[in-house]
Structure formats: C-alpha cells, structure tokens
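Read through the structure below, which is laid out as structure tokens, and then see the notes.
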Amino acid sequence: MSESHWANRNLPPVHIVTTTPELSEEALLKHRRCYMGISLDNPVFQGKPLEALLAWAGKHFDHCLVITGDYLRRHNEYILNGADDGAAVKASLAAGDAFIETTRGIFAGTDPDRLKLVRWQDCTAFDEYAESRAQLDRLFASDSAFSEAVRKDATAFVNRQLRRNKRLAVPEEEAVAVSCQYLLEEIAVFSALSERGWHVELYPGPELHVLVEVARGTFEDVPQGLKQRINVQLQCGRCGVEAQ
C-alpha cells in the first residue's frame with residue numbers, strides 16, 4: 001500500500017519510544033529489514049492501530065516480516081485454560097486463523113513484496129531455531145543469572161493475570177515454569193530471525209527484562225543472533241501491549 005494511501009486513513013500516530021541497545025534513528029534505519037510479532041489477544045493488533053503500525057514499518061523499512069504468535073500461544077492456553085497439548089495447539093492455531101481472517105482486508109492492501117505475513121511454526125521450522133533453542137536451554141540450566149532473568153519475566157506475566165482477576169488453571173509455580181518455556185521458545189525464534197538477517201524487531205510495548213540484560217552483555221554463551229538483535233519499542237497512539 002502506498003504511503004499516500006496510508007496517510008489518508010486517519011491513523012493513530014506511531015513513534016519510537018526507545019531502542020535496545022540504544023542507537024540513533026539514523027543508525028537504526030540503515031537496516032532495511034524488520035519483523036513484528038503479533039500478540040493475538042491484544043487489540044492494538046486490530047483495526048487502525050494495526051494499520052498504523054504496518055504503515056510505519058512500510059515507511060521506514062524496505063521489508064517487514066509479520067509473525068502471528070499463534071502456536072506460541074499454546075503455553076498460555078495451558079496456563080489459563082488447562083488445555084492439554086492437543087487442545088492447546090488446536091485453540092492457538094484457531095486464534096491464528098481468526099486473526100488472519102479478521103485482518104484480511106488490511107493485509108490485502110499491502111505490498112506483498114515488502115510485507116509478508118507468516119505463522120509462528122514457520123519460524124520454529126528454521127534450523128537456526130533448533131540450534132538457538134538448544135543453546136538457550138543449556139544456558140537456562142547452567143547459568144543461574146540467566147534463568148532468574150527469564151523467571152522474572154515469567155513471574156511478571158503470571159502476576160499480571162492475577163491482578164486482572166484471571167484464574168490460573170494450574171498452580172502458580174507451574175504457571176511460572178510453563179511461562180519460562182514460552183519465553184525460551186520466543187527468544188530462540190528472535191535469535192533465529194536475527195541470524196537469518198532480520199535484526200530489527202518492532203514491537204508496541206517494552207522489551208523483555210532478560211533481553212535488556214542480553215543487550216547489556218550480562219550473559220556469556222547466548223546465541224549469536226541475540227547479540228546482533230535490535231528491539232524498537234513503538235508507541236501507537238495511546239495503545240500499549242505486553243510481551244506475553
């Protein structure tokens with residue numbers, strides 16, 4: 001979709017809040033490819049906010065990979081609904097189908113040579129994902145500082161659900177453990193994408209604590225892709241989203 005078409009859509013404004021690691025906008029925009037993960041339960045990824053985010057990506061980058069976080073969502077289906085493996089996968093993929101259907105008109109108006117919509121399992125099929133996941137699993141088991149950083153993000157997610165009066169379908173400690181697996185999978189996909197040349201992540205919300213620490217060089221033996229990765233926290237109007 002042309003920039004002029006987007007401009008006529010009366011879309012909410014989008015701007016950069018921060019980058020991790022910190023770098024100038026000039027340095028950031030020397031990168032010509034980016035990706036954006038879609039949190040299916042957040043309304044910022046529907047309607048005009050989604051159009052605004054895609055328009056911003058299209059204006060500033062030559063190519064943007066948009067990734068539905070559907071298969072990844074199966075972990076939360078277990079935490080919140082107690083769904084077994086098969087039911088959790090089925091519900092998660094159905095949520096991905098629903099997203100694709102409800103946003104079909106938005107994506108139909110984009111340039112397929114510049115913006116591509118893929119699903120989470122497309123990314124977990126990368127060889128780089130398997131390698132990064134194995135390395136992260138080893139680090140999680142051997143480096144207490146890394147495992148505690150992951151647990152901090154996982155605990156924050158579980159606590160958000162409790163503050164919203166959502167009932168957990170499993171004991172709280174198990175919910176944190178499953179959330180850790182969610183995060184390790186997510187981070188491994190980020191690393192794989194970076195290794196494949198998609199270094200810049202766009203996301204309308206704050207960076208994970210563990211990835212801030214990775215960017216600071218806190219941990220040894222993290223996958224190479226994470227060392228090259230750049231997170232761009234965007235603000236879309238007054239919309240905000242959470243990492244999980």
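Brief remarks on what is shown
- Förster radius 25 Å - calculated FRET efficiency between Gln224 and Glu174, Cβ distance, rounded to 0.05: 0.15
- For the stretch 178-185, putting each phi into the Karplus relation 6.51 cos²θ - 1.76 cosθ + 1.60 with θ = phi - 60° gives couplings of 5, 4, 4, 5, 3, 5, 4, 5 Hz, in residue order, rounded to whole numbers and with x for Gly and Pro.
- In the chain, taking the dipole from charged Cβ atoms about the Cα centre, the farthest positive-side position among Thr103, Ser144, Gly225 is held by Thr103.
- Selection of trypsin sites (Lys or Arg not before Pro), the stretch 10-70, meeting DSSP coil and at most 16 other Cβ within 10 Å: Lys30, Arg32
- Amide H contacts under 5 Å for Asn231: Thr20, Glu201, restricted to partners 5 or more places along the chain or on a different chain, H placed in the peptide plane at 1.01 Å from N.
- By the Kirkwood approach, averaging reciprocal distances over each pair of separate Cα atoms, the stretch 32-88 gets a hydrodynamic radius of 12.9 Å.
- Each Lys and Arg Cβ is given +1 and each Asp and Glu Cβ -1; about its Cα centre, the stretch 108-244 then shows a dipole of about 680 debye.
- Of all DSSP beta bridges in the chain, antiparallel share, percent nearest 5: 30 percent
- Surface/4 of the Cα convex hull for the chain, nm²: 12.7 nm²
- Computed magnitude of the charge dipole of the stretch 3-236 (debye, nearest 20; Cβ of K, R +1, Cβ of D, E -1): 700 debye
- Binned Cα-Cα distance frequencies in the stretch 114-244 - 10 Å width, integer %: 12, 40, 36, 12, 0
- Relative contact order (%) - the chain, alpha-carbon pairs under 8 angstrom, separation at least six: 30 percent
- Surrounding net charge for Asp122, when Lys and Arg each add one and Asp and Glu each subtract one, Cβ distance under 11 Å: +1
- Excluding same-chain neighbours fewer than eight residues apart, the lysines reachable from Lys227 by a Cα-Cα span under 18 Å are Lys30.
- Projected label points at Lys152 and Glu26, each 7 Å from Cα along the beta carbon direction, are separated by 3.3 nanometres.
- In a simple Cβ point-charge model (Lys, Arg +1; Asp, Glu -1; nothing else charged), the stretch 132-198 has a dipole of about 360 debye relative to its Cα centre.
Read-outs: derived from the displayed coordinates by stated rules, not from any lab. The structure presented is a predicted model; accordingly, all values stated were derived computationally and were not measured. So basically every Cβ, Gly included, is an ideal-geometry build from the backbone, and we count neighbours across all protein chains shown.
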